[in-house]
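Here's the structure we're looking at; comments come further down.
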Amino acid sequence: MDFRDAPQEAEFRSRLRAWLAETAGRFPTSGDDYWARQGEWHRALYAAGFFGLSWPKEFGGHELPPVYDVIVDEELALAGAPPRPSLGYLVHGLGRHGGKELQQRFLPGMIDGTQRWCQGFSEPGAGSDLASLRTTATRDGDHYVVHGHKIWTSYSDVADWCLLLARTDPAAPRHKGISAFVIAMDQPGVQQRPLAMISGVTREFGQVFFDGATVPADQMVGEPGDGWKLAMTVVGHEREPSTLGYAARYGKLVRQLAARLDGPAPAELVWAAVHTEMLRLHVRRRLSEQLDGVVHGPDGSLDKLLMTWVDQSVGHAALAVGGTDDTELLGSYLYSRAQSVMGGTSQIQKNIIAARILGLGV
Ligand SMILES: Cc1cc2nc3c(=O)[nH]c(=O)nc-3n(C[C@H](O)[C@H](O)[C@H](O)COP(=O)(O)OP(=O)(O)OC[C@H]3O[C@@H](n4cnc5c(N)ncnc54)[C@H](O)[C@@H]3O)c2cc1C
């Protein structure tokens, strides 16, 4: 297989590289400063034609093959630019389950970054066992009234809109009584409180309290009871190979760590180098499968598990090289701990692999 750029890809890459040489240095890449300006970074990438590449043109995308997203990830890492904002899972959720009207109303602003979004799925008692969620949405005329408590809601402090899962039919079996909504965050019945992370970041996510918040009935995504199907689409895409484009970023950190050494490399760094290269090749293979029309199902759980191993292996290498005095490297290590939790824990990925790929216990 030839992984070199085709002529159009090479032209795209050099245009992007030139733009990044001018722009990348202006944006912070980590910590609260990154989160504070993430929206601005998103809009800058979009305006320059480097965001929303594989999404439909009618919603502001470019309808390019997913390999272009990987080129962007590679070049961002190479230029030391901030990562590409990840919201593909929300685009797919609304794109697949929302009616035309909702898509036309919400997807363009989501893609071009003029409207910010968050994902209101997890609750204090409903993370891995999402179907046990207790937030309710009760019909009242042409609105639903929402009560409940969401937690670990990324970007809740800046979000204009939330893709919310709420129980609309308490009498139905638990997976079937859940519906999805697009709810406005800026209203009296919604309160957002930030959550500080162990890495020191305070602006990435929060918990959201709904106390009599309202959402028009026509902002339900799909039909009543369709929420679980949407949730499965969203979490499936959170684990897909395009998010694995972070392979480039891990590779860059490994090279930076190696450059700091003045003696033999610690075993952690050697492992991280091997893992990172393995992930890079795996991403290439997944992409070429996608280009051949292969649709990945539960395999996304293998990808997510692999990415977690690599992320945490690179985190351990950062700690081994930088110790606890280097706050940036310590931050990389601490953030890598979250990888085995976000988007579904590693144990849950293993359960899915066991049941749906290996056919164990079924
Ligand atoms: C950085 C980050 C960002 C996030 N962003 C969002 C977001 O934007 N929106 C959102 O809705 N959520 C978000 N989450 C929440 C995330 O989806 C949940 O944390 C995750 O699904 C796990 O749920 P939990 O934290 O309730 O843990 P629990 O489900 O309580 O799990 C606790 C432990 O028990 C294990 N466990 C649970 N059930 C099983 C089982 N059946 N078999 C084996 N082991 C099991 C788990 O693996 C874990 O080790 C985010 C989380 C992180 C870390």
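The values are calculated or read from the model by the stated rules, or taken from the named source; none is laboratory data. Note that the structure is a prediction, hence the values are computed from the model and not measured. No Cβ is skipped: glycine too gets one built from the backbone with ideal geometry, and neighbour counts run over all protein chains shown.
Some points to look at:
- Residues that are hydroxyl-bearing (Ser, Thr, Tyr), out of contact with any Asp or Glu (no Cβ under 7 Å at 6 or more places or on another chain), in a loop (DSSP other than H, G, I, E, B) and under 25 Å from residue 343 (Cα atoms) are absent from region 45-54 altogether.
- Taking the criterion of being part of a strand (DSSP E or B) and closer than 17 Å to residue 110 by Cα, the residues of region 154-179 that qualify are 154, 161, 162, 163, 164.
- Residue within region 158-168 that is surrounded by fewer than 19 Cβ atoms within 10 Å (Cβ to Cβ), within 26 Å of residue 44 (Cβ to Cβ) and either away from the ligand (no atom under 12 Å from the Cβ) or under 23 Å from the mean Cα position of the chain (by Cα) (or both) present: yes
- Yes/no for residue 171 being at pLDDT 90 or above, out of contact with any helix residue (DSSP H, G or I) (no Cβ under 6 Å at 6 or more places or on another chain) and away from the ligand (no atom under 15 Å from the Cβ): yes
- Residue within region 135-144 that is within 15 Å of the ligand (Cβ to nearest atom), part of a loop (DSSP other than H, G, I, E, B) and at pLDDT 95 or above present: yes
- Selection of region 108-134 for residues being closer than 27 Å to residue 84 by Cα, near the ligand (Cβ under 9 Å from one of its atoms) and small (Gly, Ala, Ser) yields 120, 122, 127, 128.
- Residue within region 215-228 that is part of a helix (DSSP H, G or I), in contact with a His (Cβ under 9 Å, 6 or more places away or on another chain) and under 30 Å from residue 334 (Cα atoms) present: no
- Looking only at region 78-94, residues that are part of a helix (DSSP H, G or I) and either β-branched (Val, Ile, Thr) or surrounded by fewer than 20 Cβ atoms within 10 Å (Cβ to Cβ) (or both) come to 4 in all.
- Residue 317 vs. criteria more than 20 Å from the chain's Cα centre (by Cα) and within 12 Å of the ligand (Cβ to nearest atom): no
- Here residue 69 meets each of (1) in contact with a helix residue (DSSP H, G or I) (Cβ under 8 Å, 6 or more places away or on another chain); (2) within 21 Å of residue 36 (Cβ to Cβ) with one exception, condition (2).
- Scan of region 27-43 for residues that are more than 19 Å from residue 200 (Cα to Cα) and surrounded by 20 or more Cβ atoms within 10 Å (Cβ to Cβ), ordered by number: 41, 42
- Taken over region 95-143, the residue count meeting the criterion of being of a type in the set (Asp, Glu) and surrounded by fewer than 16 Cβ atoms within 10 Å (Cβ to Cβ) is 4.
- Among the residues making up region 320-338, those that are away from the ligand (no atom under 16 Å from the Cβ) and buried (at least 20 other Cβ atoms within 10 Å of the Cβ) are 321, 329.
- Hits in region 339-362 (condition: more than 25 Å from residue 87 (Cα to Cα) and either touching a residue at least 60 places away in the same chain (Cβ under 8 Å) or near the ligand (Cβ under 8 Å from one of its atoms) (or both)): 351
- Residue in region 298-315 that is surrounded by 15 or more Cβ atoms within 10 Å (Cβ to Cβ), aliphatic (A, V, I, L, M) and more than 30 Å from residue 120 (Cα to Cα) present: no
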